[in-house]
Amino acid sequence: MHEIEQRIVAQGFFRTLQELDRTDRKDENLIRAIAEAASRRNVLLSQQDLDFLRKLSGTDFFDIQIIACEIIPFLDAAPNEVMNLVHLLVEKGGDDLAANQPNAAFRQWCESDKRRAQEIISSARAGDSLSLRHLVFALESKDDFQEAMRSAEAIGEERTAGVLALSRMALTLAEAEQAVAYILGIAESCEAEGAAALIKAALDIAAKHEDLDRAEFAEAFDRTAESDYPISVHLMANALNMHLNQMCPEEVQRCLEGILKVNPENRGTIQEIDSALRRLWKSNPQQAGQTAANLIARTEGAIGKDELQGFFSATVSGDRKSLATLATSWLLEGNYHVCSTLTSHLSEINRTSPCVDIQPADLPLDPIDQVFLCRKAIGFLFLSPMTAASWIVAVLRAGNPEATREVADLLFDPLLLNYGGALKDWLESINGTDGPETKAISSAIHQANKLLDGFEAAREVVELEPQASQRALVRFQEAEEAARIQEMAREKSIFAQIVTTQSLLYGDQSSFSMKDGEGNRCSQAVHMAEMSVSSELPKGVIFDPVGTEWLLERFRHEQRVIA
């Protein structure tokens, strides 16, 4: 103890902490000894300590802050000195996530002696600015509902501290109802920023009580949804994300309407919206899908698949029927930006079946709408032909008879004219049953095969082909050039001296020897597996790129006829 006290007197409080090892943080006797020695000083922090702290930065500062947080609960010093220490540490930490750790240590310091909390509360109400900054921790540690309500009924910083303390305390149901009613009541007369903070606190209180009456929240969100202030939009997104399971349908609807006003540049709010829609998809996929579509349409694609990754991931990993309903509704609405987002979401790379399972029940009743839906599917999902054909097959199975002839033509042209691989294999696999679609699918496949056989017969024009010897010479020259380029690249590589190169002629594993920790050589084997990516390029891109693109653009931009 005497040695520690001498070091603190000679070097200062913070420099002494800097000399401690990481293992010293777990030595409670040492921590207590440092706290006692620091508490016996005339002042807790000298000018020497302040100058030393000012020079610290980065890891050096946070290493000291971590140890200081262990010491603060054991200090026996005046409240203003401890508050000053905490304030300096938090302010020095800046925007770092660990910057607020001293506040938790200060709360423990208050809890160890209730008189400390009361002294800080009294000083704060007397107008002391430092006490006002730390009032919320004093109220929280005292855990007195009436004391916290008294502060919440004040004005300015004291009210803020009182409301925040209430949101963190463990209240009874009656206390929670009283606190929520009061907080939402004062939120009505506040500006957007103040109202958002108050509603957030009320939500945190209500989240701890399932039986609490939430009728007032719907009214609060109704007023908030009218505002397009970023803080208001963020509040509604956060409420959906954090409290969705406790919210009533009216609250959810108001918040979903409010988040549509989000600015695409506010990435933090968009992340909250993404998480909220991902959670909502599990309980109400139709509502989540419609909100996502409205967001994409309103921002003209500025918010899309990349910004809503969590939501789109949930649509794929969840119920396939819900995904089919989502895709159908988006294509039927026909918004260009929404359907383009669907294009990037559904991919058939390495697939042998469609991305969605479309059933006749998913289709609209009107034959014009059924044709419109199939044309939209082709326009936006042309590079995923099996998926695009799913709507056509559904119409052929149980669609309106007035639509089946036209969609059967779409199956032949442009789909089967452009794709002869996985699409044809999938159609043949589902065409084994005697369903109403069998004849139409067989006819389309037959027409496509006949036409493509004609292309194949006329494909080779011998007069225009170079001689076999000339082609072989060109291939040999290209291989030699590639080998020279590879050799030059290896010579300039920074890894050439630290890795070995192996040339595999055949086999399914690679064997090599290496030295173990004791210097002995041992043999190692790395087993290899095939990696492949398969995707089919539409023939129209080669034979008729302009005509193919014109057809697709026409399908993408045509408008739905509403009777």
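The values are calculated or read from the model by the stated rules, or taken from the named source; none is laboratory data. In this text the structure is predicted, and so the values were computed from the model without any measurement. For neighbour counting, all protein chains shown are included, and Cβ atoms are generated from backbone atoms with ideal geometry for every residue, glycine included. All accessible areas refer to the heavy atoms of the entire protein, side chains included, with ligands and DNA or RNA removed. Shrake-Rupley method; radii C 1.70, N 1.55, O 1.52, S 1.80 Å.
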- Quote the relative contact order of the chain in percent (integer), defining contacts as alpha-carbon pairs under 8 Å separated by 6+ residues. 7
- Item | Size of charge dipole - region 202-312 - debye, nearest 20, with Cβ of Lys, Arg +1 and Asp, Glu -1, no other charges | 400
- Task: Would you compute, for the Cα atoms of the chain, the largest minus smallest coordinate along each principal axis and list the three values in descending order, in whole Å?
- Result: 103, 76, 37
- So how exposed is MET488, as accessible area in Å² (1.4 Å probe, rounded to 10)? 110
- Taking a straight Cα-to-Cα line shorter than 29 Å from LYS450, and setting aside same-chain lysines fewer than 8 residues away, one finds LYS376, LYS424, LYS439, LYS539
- Item | Heavy-atom accessible surface of region 1-112: percent carbon and sulfur, 1.4 Å | 44
- Task: Could you look at region 124-227 and say what percent of its accessible area is carbon and sulfur, using a 1.4 Å probe and all protein chains?
- Result: 46
- Task: Work out the P(r) tail for region 147-214: percent of alpha carbon pairs separated by more than 21 Å, whole number.
- Result: 14
- So which of LYS261/LYS305; LYS200/LYS305; LYS142/LYS200 end up more than 20 Å apart by C-alpha? LYS200/LYS305; LYS142/LYS200
- region 1-112 - charge dipole about Cα centre, Lys and Arg +1 at Cβ, Asp and Glu -1, debye rounded to 20: 140
- Cross-link reach list, lysines versus LYS92, counting only Cα pairs under 18 Å and skipping chain neighbours closer than eight places: LYS55
- Task: With a 1.4 Å probe and every protein chain kept in, tell me what percent of the accessible surface of region 328-420 is carbon plus sulfur.
- Result: 52
- Rounded to the nearest whole number, the per residue volume of the convex hull around the C-alpha atoms of region 1-112 in Å³ is 96
- Taking the dipole about the Cα centre of region 202-360, with the C-beta of Lys and Arg at +1 and of Asp and Glu at -1, give me whichever of SER275, LEU203, PRO230 is farthest to the positive side. SER275
- Item | 222 nm mean residue ellipticity, helices alone, for the chain (DSSP H n ≥ 4; -39,500 (n - 2.57); rounded to 500) | -20000 deg cm²/dmol
- Sorted by average packing, counted as other Cβ atoms within 10 angstrom per residue and highest first, what order do 239-246, 42-49 take? 239-246, 42-49
- Peptides 468-480, 349-361: what's the order by average Cβ count within 10 Å, highest mean first? 349-361, 468-480
- Query: In the chain, with Lys and Arg counted as +1 and Asp and Glu as -1 at Cβ, which of these residues, SER112, LEU20, CYS374, has the Cα nearest the positive end of the dipole, that is, farthest along it?
  - Reply: LEU20
- Item | About the Cα centre, charge dipole magnitude for the chain (Lys/Arg +1, Asp/Glu -1 at Cβ), debye | 580
- How many Å² of accessible area per residue for the chain, probe 1.4 Å? 55
- Message: Given an 8 Å cut-off on Cα distances and at least 6 residues of separation, report the relative contact order of region 177-279 as a percent.
- Response: 26
